[in-house]
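Just so it is clear, none of the values below were taken in a lab; they were calculated from the coordinates. Values in this document were obtained by computation on a predicted structure and should not be read as measured data. We place every Cβ from the backbone using ideal geometry, glycine too, and count neighbours over all the protein chains shown.
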Amino acid sequence: MAKPAEKVQGKKLLFLVGDYVEDYEVMVPFQALLMLGYQVEAVCPDKKAGDIVRTSIHDFEGDQTYSEKRGHNFSLNKDFDKVDVKDYVGLVVPGGRAPEYIRLNKRVIQIVQEFDRAKKPIAAICHGPLVLVAAGVLKGRISSAYPACGPDVVCAGGKYADIPLDKAIVDGNLVTAPAWPAHPDWIAKFAGLLGAKISI
């Protein structure tokens with residue numbers, strides 16, 4: 001019988017999201033990390049607990065790029081203005097459209113920089129590394145991302161990891177992946193950085 005991860009009760013994780021965050025990339029890790037016993041809080045600039053963000057579904061259907069469809073509504077459970085990085089043990093930045101514009105918010109950038117300075121685990125997937133690019137935390141680091149974001153990683157002084165869509169890569173306190181097919185590897189590697197031990 002599966003048991004929750006050891007010694008994580010009461011430990012908080014922060015999700016940075018916005019409208020049209022990728023549906024799977026917010027819903028799946030949010031629920032998986034709750035299952036492991038973490039307290040997971042999701043915030044969005046200019047929104048409060050109880051507000052929703054709309055999600056988008058990106059799929060790989062043989063076109064030159066992903067297709068995009070409307071997803072679910074995702075409920076926020078923390079006021080953005082009340083975030084204190086000291087309260088959290090890790091950060092998650094999902095992909096989708098949201099990273100393109102939440103990175104314009106100065107407090108979003110400060111939050112990422114504060115997590116990185118404290119060497120707390122940061123997980124970013126798909127377009128999520130665009131927020132890490134804007135925060136200036138990828139210089140000299142290895143990062144995956146959706147392939148179309150690879151040039152951004154390089155321009156930020158990072159080394160783009162061109163890995164399969166279902167894989168993730170770790171560099172120090174960062175774990176990144178190209179897209180939601182990597183969830184099993186990405187979430188497992190993030191849990192490992194957090195020090196979670198899963199017994200089955």
A correct Karplus calculation of ³J(HN,Hα) over the range 140-148, with 6.51 cos²θ - 1.76 cosθ + 1.60, θ = phi - 60°, whole Hz and x for Gly and Pro, returns x, 10, 9, 9, 8, 4, 4, x, 5
If each residue of separation counts as 0.36 nm, what is the full-extension length gain between Val170 and Arg107 once their alpha-carbon separation is subtracted?
20.2 nm
What size of dipole, in debye to the nearest 20, comes out for the chain about its Cα centre when the only charges are +1 on Lys and Arg C-beta atoms and -1 on Asp and Glu C-beta atoms?
800 debye
Could you pull out the GluC sites (Glu not before Pro) across the range 1-93 that fall in loop regions by DSSP (anything but H, G, I, E, B) with no more than 14 other Cβ atoms inside 10 Å?
Glu6, Glu61
Among Gly128, Met27, Val85, the residue whose Cα sits farthest towards the positive end of the charge dipole of the chain, when +1 is placed on the Cβ of each Lys and Arg and -1 on the Cβ of each Asp and Glu, is Val85
Return an integer: the convex hull volume of the alpha-carbon atoms of the range 84-135, in Å³ per residue.
64 Å³
Suppose the chain between Ile163 and Glu100 were pulled fully straight at 0.36 nm per residue; how much longer would it get relative to their current alpha carbon spacing?
20.5 nm
Efficiency of FRET from Cβ geometry, Lys197 and Ala148, R₀ 41 Å, rounded to 0.05
0.70
Taking trypsin sites (Lys or Arg not before Pro) that fall in a DSSP loop and have at most 15 other Cβ atoms within 10 Å as cut points, what is the longest piece of the chain between them?
49-118
Unit charges on C-beta of K, R, D, E only; dipole of the range 1-110, Debye:
520 debye
